[in-house]
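Here is the structure we will look at, set down as structure tokens.
None of the figures in this text is laboratory data; all of them are computed from the coordinates on show. Here the structure is a predicted model, which means the values were calculated and not measured. Because the Cβ atoms are built from the backbone with ideal geometry, glycine has one as well, and the counts that use them run over all protein chains shown.
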Amino acid sequence: MSGFRIEAATPADLSDILCMIRELAQYEKLAHLCVATEADLARNLFASPARIEVLVGRKNGESVCFALFFHNFSTFLGKPGLYLEDLFVRPGFRRNGYGRAMLVQLARLAVDRGCGRFEWSVLDWNEPALRFYQSLGAMVLPDWRITRVTGAALAALADHRA
């Protein structure tokens, strides 16, 4: 881990972050859905208040991984939670402990901020990630499914007369 450090993203990181987002989309076979721009990231990362946060992992100054996250809220716990939207380690830097270091840093943030939970989603076919997360003590919740409305369906729902 020599030469590796984790820092909050700055505007100078936007290009690297977007590049890694596109690499992640390619890995997940979802590149056709990746339409984010640097302006989109900047508008949400550096707004006041910020809607998202990003940590960048650097090895000897080179961006090798990122974690994009935000807060949610647990009505049952009555506490905020930390939701990890994406964690990505570039292929040439995997299996060096960088992903684990990012998760540890995020868990520390969650504890420091009084969060009742730290959670994320993982694709069901991504067996290496599932095994890795479970080795860290994460539970894969079998009874929950993500529900999503986007694009035209989102607009139609918003226009629906109750």
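Obtain the nm distance between the two label points defined at residue 75 and residue 153 by a simple spin-label model: each point lies 7 Å from its Cα along the Cα-to-C-beta direction.
2.2 nm
In nanometres, what is the gap between the two model label sites at residue 161 and residue 94, each 7 Å from Cα along Cα-to-Cβ?
Modelled inter-label distance: 5.2 nm.
Please report the base-10 log of the normalised intensity I(q)/I(0) for the stretch 59-108, using a Debye sum with one equal scatterer per alpha carbon and no solvent, at each q in 0.25 (1/Å).
Listed by q, the Debye log ratios stand at -0.95.
For a footprinting-style exposure proxy, rank 6, 17 by other Cβ within 10 Å, fewest first.
By the 10 Å Cβ count, ascending: 6, 17.
Given Cα positions, please report Rg to Rh for the chain, the hydrodynamic radius being the Kirkwood one.
My calculation of the ratio gives 0.97.
Once R0 is set to 41 Å, what does the formula 1/(1 + (r/R0)^6) return for the Cβ-Cβ distance between residue 4 and residue 29, expressed as a FRET efficiency to the nearest 0.05?
After rounding to 0.05, the efficiency reads 0.90.
Taking the Cα centre of the stretch 4-159 as origin and charging only Cβ (+1 Lys, Arg; -1 Asp, Glu), how large is the dipole, in debye to the nearest 20?
Dipole about the Cα centre, nearest 20: 440 debye.
Test of understanding: in a Gaussian network model of the chain with alpha carbons linked when under 10 Å, which of 37, 150, 75 would top the mean-square fluctuation ranking?
150
Which of the three applies to the stretch 86-133, rounded, prolate or oblate, going by the alpha-carbon gyration tensor with a ≥ b ≥ c and a/c under 1.5 meaning rounded?
oblate
Run lengths n ≥ 4 of DSSP H only: what is the helix-derived mean residue ellipticity at 222 nm for the chain, with -39500 (n - 2.57) per run over all residues, to the nearest 500?
Computed ellipticity for the chain at 222 nm equals -10500 deg cm²/dmol.
Taking 0.36 nm per residue of separation and subtracting the Cα-Cα distance, what length does fully extending residue 136 through residue 108 add?
Gain on stretching residue 136 to residue 108: 8.7 nm.
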